[in-house]
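Presented below is the structure to which this report refers.
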Amino acid sequence: MDTSRRNFLKGTAWMGAAALAGGCTGLKLTNGGTMQGFACAPLKKIRVGVIGIGRRGCWASERLSQVPGVYVTAIADVEQFRLDEGVKAVRKSGKAAPKTHLGAEAWKQICEGDEVDLVYVTAPWELHVPVAVYAMEHGKHSAIEVPCAMSVDECWQLVETAEATRKHCIPLENCCYGDSELLALNLCRSGVLGELVHGEGAYIHDLCAENFAEIEGSPFFTSYRGTWNRWRLKWNEKLNGNPYPTHGFGPVCQYMNVNRGDKLDYVVSVSSKQARLTEFAIEHFGKDSPEAKKDYALGDVNTSVFKTHLGRTIMVQHDVSLPRPYNRINLIAGTKGILRDYPLRVALEPNAHSWMKDEELQALQEKYRHPLYKTAGEIAKKVGGHGGMDFMMDLRWAFCLQNGLPMDADVYDAATWSVLTGLAAASVNNGSKPIPVPDFTRGNWKVAKPLGIVDVDLSKLDFSESGLHGVEGQFKTVL
């Protein structure tokens, strides 16, 4: 089946304009060659521009400043106090203050200038593709907070721009670098779970308080400041499906070598009714408040199921409304056993009818702990960021860029892991019909090499201005 962008969109026009919104205007359908396995010349000192200094952007500015050889040299935001916080975050590491850019289109100045090598996008979701595309068109690598795109067409924009410009487009999927996720990857690569058959991932996280935090008079404002201009709540108003799929989906795709030996064929998606946001708004703002009277489109729970070319299945779930404990599920099942997270459990043949006992699980973890965590896990936990996986993610992509190596996750992964947002909406809005998944690799998934068990070579890191808050010596002791 021809799954180029033009033919894919033509063949699925019935999905409706809403699901494919965010059109690609003026971009030529050129193909500069595959970006799978792509590596550029080593870039020893990486100058980074951070776009959007909310909580994620501020945390990222501080964290990036502690990665050896990485320098946050520019930041952009629409509010001055956020820029001030970004400067403080960088200065904590002892590195020079970044240049600040204020205004709705200040990010363009960073992309057009010569003060950065890579643009790190932590702005609201609707800006992810415009900023990344503009950055690549102006000679900068891009790294995008997830989801990387909000529509099928936007996913194609990222792919085609990266191919045309020969610039990296890195999905900042920190969950691929969690301790349990890397353990699961190592078990899969080592054959411990046998032939992989089924996976599950999710983003289950009660965000009601955050979604309403920016509303004037909100009881949550002082303790839990929400998203600028309520941009995340607005997505709840206009999209029914899965607007945030990648945290659980990305790791499972890596386990199964999606885009590197297998591909996604089609997806079916169904959403529950919406009840919690309205109930929450009535309880905290009153039944006559604008918040209570809004028509929220996003169902409380969305469940999507993929079928792959090799016959595997992947279930992806989204729920940011119901009062449920945080869960990414992180399940991978094969012919010899299963791993499931939250809490972490493993069952293996011939005793797969019950989970491993604590001491057995601990022994398995020690034997198959991923080399990245053996090398830098303790330091990552001290630097922080979701238990250290944020730092581990940044350390790894920076190491690849500094040493001229391909990225662990490339632009095809950015598109494939994010495309569920557009496809789920299309399926839900059309009676949960199966929707074909575009092949962003254009057939190269058949020959692309799977992600291996990677590591970082600490002897190649530049500690001269590491900014590691006193843990540099511990970092070096691993050498």
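The values are calculated or read from the model by the stated rules, or taken from the named source; none is laboratory data. Since the structure is predicted, the reported quantities are computational estimates derived from the model, not experimental observations. Cβ coordinates were reconstructed from backbone atoms using ideal geometry, including for glycine residues, and neighbour counts include every protein chain displayed. Areas reflect the complete protein model, heavy atoms only, side chains present, ligands, DNA and RNA absent. Shrake-Rupley method; radii C 1.70, N 1.55, O 1.52, S 1.80 Å.
Only one entry of Ala149, Ala143, Ala106 meets the criterion of being open to solvent by less than 10 Å² (accessible area, probe 1.4 Å), over 19 Å from Asn174 (Cβ atoms) and not hydroxyl-bearing (Ser, Thr, Tyr), and that entry is Ala106.
Does Leu372 count as in contact (Cβ under 8 Å) with a residue 12 or more places away in the chain and open to solvent by less than 10 Å² (accessible area, probe 1.4 Å)? The answer is yes for Leu372.
Reported count of residues in segment 183-213, each being open to solvent by 10 Å² or more (accessible area, probe 1.4 Å) and either assigned to a strand (DSSP E or B) or more than 22 Å from Ser321 (Cα to Cα) (or both), is 13. Among the conditions (1) assigned to a helix (DSSP H, G or I); (2) under 26 Å from Gly69 (Cβ atoms); (3) not aliphatic (A, V, I, L, M), the only one that Gly139 does not satisfy is (1).
Name, by its number, the condition in (1) without any contact (Cβ under 8 Å) to a residue 60 or more places away in the chain; (2) at negative phi that does not hold for Ser418. All conditions are met except number (1). Only one entry of Asn229, Asn240, Asn236 meets the criterion of being assigned to a helix (DSSP H, G or I) and in contact with a Leu (Cβ under 6 Å, 6 or more places away or on another chain), and that entry is Asn236. Asp84 passes every criterion in (1) surrounded by fewer than 20 Cβ atoms within 10 Å (Cβ to Cβ); (2) touching a residue at least 40 places away in the same chain (Cβ under 8 Å) apart from (2). For segment 281-296, taking the residues that are open to solvent by less than 40 Å² (accessible area, probe 1.4 Å) and part of a loop (DSSP other than H, G, I, E, B), the one that is nearest to Glu237 (Cα to Cα) is identified as Tyr296. Restricting attention to segment 380-396, the residues that are open to solvent by 10 Å² or more (accessible area, probe 1.4 Å) and in a helix (DSSP H, G or I) add up to 7.
In segment 52-87, the residue that is nearest to the chain's Cα centre (by Cα) out of those that are within 17 Å of Gly103 (Cα to Cα) and among the acidic types (Asp, Glu) is Asp77.
Pairs are defined by a Cβ separation below 7 Å, a sequence spacing of at least 6 or placement on different chains, a first member in segment 100-129 that is charged (D, E, K, R), and a second member that is assigned to a helix (DSSP H, G or I); the pairs so defined are Lys108/Tyr134.
Please verify whether Thr30 is in a loop (DSSP other than H, G, I, E, B), modelled with pLDDT under 95 and within 22 Å of Met407 (Cβ to Cβ), treating the condition exactly as stated.
Considered against the rule, which asks whether it is in a loop (DSSP other than H, G, I, E, B), modelled with pLDDT under 95 and within 22 Å of Met407 (Cβ to Cβ), Thr30 comes out as yes.
Check whether at least one residue in segment 239-256 is surrounded by fewer than 19 Cβ atoms within 10 Å (Cβ to Cβ) and either free of Cβ contacts under 8 Å to residues at least 12 places away in the same chain or of a type outside the set (D, E, K, R) (or both), and report yes or no. No, there is no match, as no residue in segment 239-256 is surrounded by fewer than 19 Cβ atoms within 10 Å (Cβ to Cβ) and either free of Cβ contacts under 8 Å to residues at least 12 places away in the same chain or of a type outside the set (D, E, K, R) (or both).
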